Every structure is written in C-alpha cells, then in structure tokens.
1. Could you pull out the residue among 67, 82 that is in the same structural domain as residue 142 (by TED's automatic domain parsing), surrounded by fewer than 22 Cβ atoms within 10 Å (Cβ to Cβ) and small (Gly, Ala, Ser)?
2. Restricting attention to the range 193-207, which residues are away from ligand 2 (no atom under 16 Å from the Cβ) and hydroxyl-bearing (Ser, Thr, Tyr)?
3. Any residue at all in the range 194-206 that is more than 30 Å from residue 400 (Cα to Cα) and in contact (Cβ under 8 Å) with a residue 12 or more places away in the chain?
4. When you go through 110, 25, 36 one by one, which is the residue that is at pLDDT below 95 and either farther than 21 Å from residue 164 by Cβ or within 15 Å of ligand 1 (Cβ to nearest atom) (or both)?
5. Checking the condition free of Cβ contacts under 8 Å to residues at least 24 places away in the same chain, surrounded by 15 or more Cβ atoms within 10 Å (Cβ to Cβ) and charged (D, E, K, R), which residue from 339, 345 passes?
6. Which of (1) closer than 29 Å to residue 271 by Cβ; (2) more than 15 Å from ligand 1 (Cβ to nearest atom); (3) crowded, with 23+ Cβ neighbours inside 10 Å is the odd one out, the single condition residue 187 does not satisfy?
7. How many residues are in contact with a Leu (Cβ under 6 Å, 6 or more places away or on another chain) and at negative phi when one looks only at the range 238-255?
8. For residue 172, state whether it is more than 16 Å from ligand 1 (Cβ to nearest atom) and either free of Cβ contacts under 8 Å to residues at least 24 places away in the same chain or surrounded by 17 or more Cβ atoms within 10 Å (Cβ to Cβ) (or both).
Amino acid sequence: MSKVSFVAGGGANSIGRSFYRLKLGDYHLGVDWGGGYGSIYDEPQYDGPLDALLISHGHHDHATMVAKLHHRYPELKIFATAPTRDLSILNWRQTIKKALGLKQNPPFDGYDVERTLSMIRLFRVNEELKLNDEISVFPLPAGHILGAVSFLVSYQEEYYFFTNDICFHSRYLIDGAPSFRFERCRLLIRESTYINKDVGDREATKQQFIAAAAKVIERRGRLLVPGLSIDRIQDVFGDLYESGLWPIYIDGARKPTEIYLHYLDGRASSLGKALRFRNERERMQFLKSRQPSVIIASSGMIYPNTLSAFWAENLLYQKNDAIFIVNYQEPDGQGFLLKTAPDGKFIKWNDGIVQVRCERKDFNKSAHMDGPEGEALEERLNPDTIIYTHGENDEIDRYIASHQDKKQRIKALEGKEVEL
Ligand SMILES: [Zn+2]
Ligand SMILES: [Zn+2]
C-alpha cells in the first residue's frame, strides 16, 4: 500500500480551529481552516506544505480563518460549495466587524477576503473532483447545514472518508445525510461532538418543542428562542411555522436567512414570511403591546448586548413569558447562567441585574450525529482505521476504551502525525 498519513492542526480532541491534512503520496490535501473560541486570532497550527484545501461547511470553527491563508499559501487551490462560500463570506465580514467593535486589529481585512474569493473554485455535491491522476474527491451531502459536505477521497483504489460535521436526521430545510455503505474503506476520519450521547428521538423532541411553544402563546405569553444565525434560526422558524403557530418574528440573522432563501428556493419560501422589526422603536412598541408571539433572535449563546440578550433581559423577569434554549451553551456564557439559575434568583445580565422568573426549557435540536448513529456509521463503512476528531478529549477516550475490537481506533492529537 502507498504512503499515507494524517495530521490535525486543530479541532482534534477539542472543538474549534478545525484543520486536517491527509498526505497521499506527495500530495497534501487539507480540510477546513477554522476559527477558535478563545480569541479572534485563534487558528490551526500547521506550517507544512499544502496543495489543496477543501472547506466542509461555512461554520466559524471550519471556515473563518481561510481568509488569511493566502499569505502563507499564495498558490493554494481552495474548494467549496457555493452556499459554503457565501456563508463563509458572512463569517469573514462578521469577524472583521467584531474585531473593530472590540477595538482590536482584525485578523484579516477586506483585501484578504477579496483575494481569498478569487482563489475559491466551486464544486458540486455528488460530482467527482479530480485533484490529479490519482486523487479524486466526492463531496457528499452531510445534512449538517446548507452546503455542508462529507468527503470521500479515493487514492490508488483505496477510500478515505471525512465525515466533517454530519447529521443523518432530516430537518425542515435540510435533508439528513444519506446512509453510505462500503464493503471496506482504509480510513474513516469522524467528528465526535456527541460521541457518547444518545440524542434520542429527534422527531419527538421537535413535537415537544412545538407543543411547549403553543402553550406559551395560549396563555398569552411571549416566547424567546435564541438561535445560532446559520441554520438553527431558520430551522426553528420552519418547525413553528409549519405547525401553524403565529405570529413569529425573526430578529437578526438577515443575511444567512437570505442565503437559505436563495439556495433552497421553494422549500425555504416560508422564511420570507417571518415578521421583522425595522428598528429599536418597533421593538419597544412591540414590548409595550404585550402581544403574545414567538421571537427567534440571533446570538444562540446569548452573549451580552446581542439581540437575544436584549430580548431575554425584557422577558426573564416576567412569569408569563418563556425562553427556550435550542443549542449548546458554553459554561462561561450568559446563556448557561440563564439556563441553570434557580427560579427567583437575581443574576447579572448584560450591564445590569435581573430576576429570573420566566419559564425556561432546553431542547436538543442538534445537527450532529449522536453516539448510536456514529456506531452505525462505523459499521457501515467498515474502515481499517478510525481517527476521532472534533470532540471532547475525555469523551473520545471513553468511547475508544469501550469499543475494543479488530479496528484500529485513534484519538487525533494536535500536531501528532498518524502513519497508516
Ligand atoms: Zn458545523
Ligand atoms: Zn464544527
């Protein structure tokens, strides 16, 4: 067999700064170059050669730092689907804006964005991308967000499979990934976000979410759903709209919603019906009116002084209102505090103090495969070797310890080369 090796430059036994490099003979194939969650300058650590970079999807932890890569690799070929390119541009512009807001130097500027765009070549889902005479990549739908793909790489009659962030469950706007099946493959590089977690019946969770939302409106309360602006907001809107619940406002996430509308066409057309606030005055008027409604607002982590934090500040202390959490909350964040504070407690919120009295509920609307789905995938692809990435260190250890069989299972470690 030919010489193949793998290394992660980030996004290994932690989440953030994703970068993976597969060396196939003399060819250095990279996947993603993402931002981190520590500072706006976080990026993968890798300074070896790179011949091509594939972007798996437009999330921050996979695509943000691509915009500065041309300094290091001026001739790099970068490949992405069209929606991934468009969502990446949003992330790049947002990063610049965020840096300026923090009075910091942005990690890259408008020129870098333009230059990177000129290096991107688009590929299509399910269409073979020939990198040279020996290496082909098949981008397969990953069902994670709009434009997200897995990569099936073929090299000298062997297969190498990158799941990237993947979801097998179909949602309102995005179909789940198809269940691939091989006789055997040489290597599976898989994400491990929920490696040991059983998310349970996602359809049942969706129905519970809709029923709980309807109850808030019935009692003439107002419901806030903070959501990540790419995918979660659009998905939550779709589920509630389809159930007949109304009125529903979307506050923020305007550009990602436009991209969803553009690419999904008819399927997403309901998104165009979402009610909007045009300015601060309309938000204040709405609050005064006490109109029962759903507000889906951007900043899923409810960071201080974002739209969702503004709405939360106005609903948190009112017993009749509700806030439903639908994505992960990092333990240091305001969202985590909101989720875990006992009823009646005063908490620090934005720049003030507020008493927690509204109804709070947590729904796992994850767009990642869970433990049992990951096991089933390993079974179907039948890889000789599995490398675990994009997960928590201890969870990956626990999984490998409880899955001892003939397969070689390796936890990815940043900078540690794995020879196949
Ligand atoms: Zn993602
Ligand atoms: Zn990710």
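1. 82
2. Of everything in the range 193-207, just one residue is away from ligand 2 (no atom under 16 Å from the Cβ) and hydroxyl-bearing (Ser, Thr, Tyr), namely 205.
3. Yes, there is a match, as at least one residue in the range 194-206 is more than 30 Å from residue 400 (Cα to Cα) and in contact (Cβ under 8 Å) with a residue 12 or more places away in the chain.
4. It is 36.
5. The unique qualifying residue is 339.
6. For residue 187, the exception is condition (1).
7. 6
8. For residue 172, the condition - more than 16 Å from ligand 1 (Cβ to nearest atom) and either free of Cβ contacts under 8 Å to residues at least 24 places away in the same chain or surrounded by 17 or more Cβ atoms within 10 Å (Cβ to Cβ) (or both) - is met.
The values are calculated or read from the model by the stated rules, or taken from the named source; none is laboratory data. Values in this document were obtained by computation on a predicted structure and should not be read as measured data. Here the Cβ is made from the backbone with ideal geometry for all residues, glycine too, and neighbour counts use every protein chain on show.
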